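Peer 1: Submitted below is the structure of interest, expressed as structure tokens.
The values are calculated or read from the model by the stated rules, or taken from the named source; none is laboratory data. All figures in this text were calculated on a predicted structure; none of them were measured in a lab. Note that each Cβ is placed from the backbone with ideal geometry, even for glycine, and that neighbours are counted across all protein chains shown.
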Amino acid sequence: MEEIKSQNIAAFEFLDKINKEKWTASHDGGWRTGILTTNMSECINGVFKGARRLPLTAIVEITLVRTVNYFVTRERRSHAMVANGQLWTDFAYKMFNQWHQKSIDHTVTKYNHRQQSASVVTKRQSGFGLNTHVVKITNRECSCGKWTQFGIPCSHAQKVCAA
């Protein structure tokens, strides 16, 4: 904020009136965990590249039709998955299984039953590994950040649960 203030006092005063949770990643309570959203207008421009010369009503109609098709397709897919007993998406299963395979080589070094937390050390592999991560089961978080980021238990959390 001091940098902004030194460059443009009006911008500083404007931003200072807005809740920092609304516009900064550092004050968002960990919701974005380092991932920032893309520029939505550029995304929409890419989708409607060929529709720029159409009348506005046609663009609105295309938007509605594509949006409805998007959700109908995904609704059908999710109903089929649930009917087959699949409670997670294919992506979630893939990530969970990949991380489960990685968890086999991890070691739980400390476990605190009262706080439901543990330290997990990863196996050394081709120059990587021997990292220690802290897993807090009740908070559903790991110091690697993947559990929070993806909402899927990372390899470290899976190792703690299996221990």
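Peer 1: Going through F96, F128, F71 one at a time, which residue ends up being modelled with pLDDT of 90 or more, of a type in the set (F, W, Y) and under 24 Å from A163 (Cα atoms)?
Peer 2: None of the other options fit; the residue is F96.
Peer 1: While we're on this one: Could you please let me know if T107 is of a type outside the set (F, W, Y) and within 18 Å of T132 (Cα to Cα)?
Peer 2: Details: of a type outside the set (F, W, Y): yes; within 18 Å of T132 (Cα to Cα): yes.
So T107 fits the description; yes.
Peer 1: Given the conditions (1) at pLDDT 85 or above; (2) in contact with a helix residue (DSSP H, G or I) (Cβ under 9 Å, 6 or more places away or on another chain); (3) outside the structural domain of E141 (by TED's automatic domain parsing), which single one is not true for H79?
Peer 2: In the conditions (1) at pLDDT 85 or above; (2) in contact with a helix residue (DSSP H, G or I) (Cβ under 9 Å, 6 or more places away or on another chain); (3) outside the structural domain of E141 (by TED's automatic domain parsing), H79 misses (2) alone.
Peer 1: Any chance region 66-85 includes a residue that's touching a residue at least 12 places away in the same chain (Cβ under 8 Å) and either within 30 Å of A118 (Cα to Cα) or hydrophobic (A, V, I, L, M, F, W, C) (or both)?
Peer 2: No, region 66-85 has no match at all.
Peer 1: If A157 passes every condition in (1) assigned to a loop (DSSP other than H, G, I, E, B); (2) under 15 Å from Q101 (Cβ atoms) but one, which one does it miss?
Peer 2: Only one criterion in (1) assigned to a loop (DSSP other than H, G, I, E, B); (2) under 15 Å from Q101 (Cβ atoms) is unmet by A157, namely (1).
Peer 1: Since S103 meets every condition but one in (1) farther than 30 Å from H79 by Cβ; (2) at pLDDT 95 or above, which condition does it not meet?
Peer 2: So S103 meets the others, but not (2).
Peer 1: Across region 144-154, what is the total count of residues that are outside any helix (DSSP H, G or I) and either among the hydrophobic types (A, V, I, L, M, F, W, C) or surrounded by fewer than 18 Cβ atoms within 10 Å (Cβ to Cβ) (or both)?
Peer 2: At the first step, the residues of region 144-154 found to be outside any helix (DSSP H, G or I) are 144-145, 151-154.
Then keep just the ones that are either among the hydrophobic types (A, V, I, L, M, F, W, C) or surrounded by fewer than 18 Cβ atoms within 10 Å (Cβ to Cβ) (or both); that gives 144-145, 151-152, 154.
Matching residues across region 144-154 total 5.
Peer 1: Sticking with this structure for a sec: Taking F48, is it free of Cβ contacts under 8 Å to residues at least 24 places away in the same chain and more than 25 Å from the chain's Cα centre (by Cα)? Reasoning before the result, please.
Peer 2: On the way: free of Cβ contacts under 8 Å to residues at least 24 places away in the same chain: yes; more than 25 Å from the chain's Cα centre (by Cα): yes.
Spelling it out, F48 is indeed free of Cβ contacts under 8 Å to residues at least 24 places away in the same chain and more than 25 Å from the chain's Cα centre (by Cα).
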